[in-house]
1. When the residues of segment 73-89 are narrowed to those that are touching a residue at least 24 places away in the same chain (Cβ under 8 Å) and either of a type in the set (K, R) or buried (at least 18 other Cβ atoms within 10 Å of the Cβ) (or both), which ends up farthest from P123 (Cα to Cα)?
2. Being over 18 Å from N53 (Cα atoms) and in contact with a Pro (Cβ under 8 Å, 6 or more places away or on another chain), is that true of even one residue in segment 79-87?
3. Just for segment 68-86: of the residues that are over 13 Å from the mean Cα position of the chain (by Cα) and charged (D, E, K, R), which one is nearest to G193 (Cα to Cα)?
4. Could you grab the pairs with beta carbons closer than 8 Å, sequence gap of 6+ or different chains, first residue in segment 104-119 and in contact (Cβ under 8 Å) with a residue 12 or more places away in the chain, second one surrounded by 14 or more Cβ atoms within 10 Å (Cβ to Cβ) and aromatic (F, W, Y)?
5. Go through segment 126-238 and tell me which helices (runs of 4 or more DSSP H), entirely inside it, have 1 or more residues that are modelled with pLDDT of 70 or more and more than 18 Å from R29 (Cα to Cα).
6. Out of segment 122-139, which residues are farther than 12 Å from I52 by Cα and surrounded by 15 or more Cβ atoms within 10 Å (Cβ to Cβ)?
7. Test L21 against the stated conditions and say whether it is in contact with a helix residue (DSSP H, G or I) (Cβ under 8 Å, 6 or more places away or on another chain) and either at pLDDT below 90 or in a helix (DSSP H, G or I) (or both).
Amino acid sequence: MLQFAVGRGLLEKSPAVGVKLLPTMKRGRFLTEPEVGALADALNEMEDDGSINAGMAAAIRLLMLTGCRKGEILGLRWAWVDLERACLRLPDSKTGAKGVQLAAPAVDILSGLGRSISPYVLPSNRGDNHLVGLQKVWTAVRIRATALARNRAAAGEEPVGQGPDLTDVRIHDLRHSFASFAIADGATLFMVGKALGHKQARTTELYAHLADDPLRLVTERTAATIAAAMKAGTTARR
């Protein structure tokens, strides 16, 4: 509209020139429980048949179980891991220093990793750096997971090819999914933001719409209880 006004000579130049637009936050892809199961089975199968190594499998499992960013897991150093207190102390994440609480399954994975002379939890097979090449492996994992999910869908008498498709799932969506499961379990946006290490509440607002389902469930259960009490009261008066 402003550019149109400039073209008509109504304005000398658009006042919007040079104004930076606020970045838009893309809505993430959220995994369902069956999709998580398919990913887990794909990791197990591929690790067993040698398609991926233990380090790559551990990296993906930790991303699923912690809600951490890819760089935080791949660049994780043993000096930042406190298994006794079940936490990570990251000195320099995307939003600065932060702590990450570890659930028992994540502690088990870290405890099972052999320590080498490398300072990294997930060292590279070559050189002194941390593990690299996860994106290529992730592509193969989600293809295998999609095949497993579709086979299960077909076994459930659904049309072949109509099962879940995980080929569009990004590595970062594992972080989104961690948040979605937390909210479905009743966690508040504030607590989810704390778990993910968000410094600003508006960052967590990406997940606000997910709170509708557990909220609706609470509302339905509460209303059902009250309605039953109301019905019992009406019956007693007869």
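1. Within segment 73-89, the subset touching a residue at least 24 places away in the same chain (Cβ under 8 Å) is 73-79, 81, 83.
So of that shortlist, the ones also either of a type in the set (K, R) or buried (at least 18 other Cβ atoms within 10 Å of the Cβ) (or both) come out as 73-77, 81.
On the way: I73: 11, L74: 8, G75: 9, L76: 9, R77: 9, V81: 15 Å.
My answer is V81.
2. In the first step, residues of segment 79-87 are kept if they are over 18 Å from N53 (Cα atoms); the result is 79-87.
Applying the additional criterion that residues be in contact with a Pro (Cβ under 8 Å, 6 or more places away or on another chain) yields 79-80.
Taking every residue of segment 79-87 in turn, at least one turns out to be over 18 Å from N53 (Cα atoms) and in contact with a Pro (Cβ under 8 Å, 6 or more places away or on another chain).
3. E72
4. The qualifying pairs are R115/W78; P119/W78.
5. On the way: elements: 134-155, 173-184, 189-196, 201-204, 212-236.
In segment 126-238, 134-155, 189-196, 212-236 are the helices (runs of 4 or more DSSP H) which contain 1 or more residues that are modelled with pLDDT of 70 or more and more than 18 Å from R29 (Cα to Cα).
6. Result: L122, P123, S124, H130, L131.
7. Judged against the criteria, L21 is not a match.
A quick yes/no check of all residues on (1) of a type outside the set (K, R); (2) part of a loop (DSSP other than H, G, I, E, B):
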site: R29; (1), (2): no, yes
site: L39; (1), (2): yes, no
site: E47; (1), (2): yes, no
site: G50; (1), (2): yes, yes
site: A58; (1), (2): yes, no
site: R61; (1), (2): no, no
site: C68; (1), (2): yes, yes
site: I73; (1), (2): yes, no
site: A79; (1), (2): yes, no
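The values are calculated or read from the model by the stated rules, or taken from the named source; none is laboratory data. This one's a predicted model, so the numbers in the text were calculated from it and none came from an experiment. FYI the Cβ positions are ideal-geometry reconstructions off the backbone, even for glycines, and counts take in every protein chain you see.
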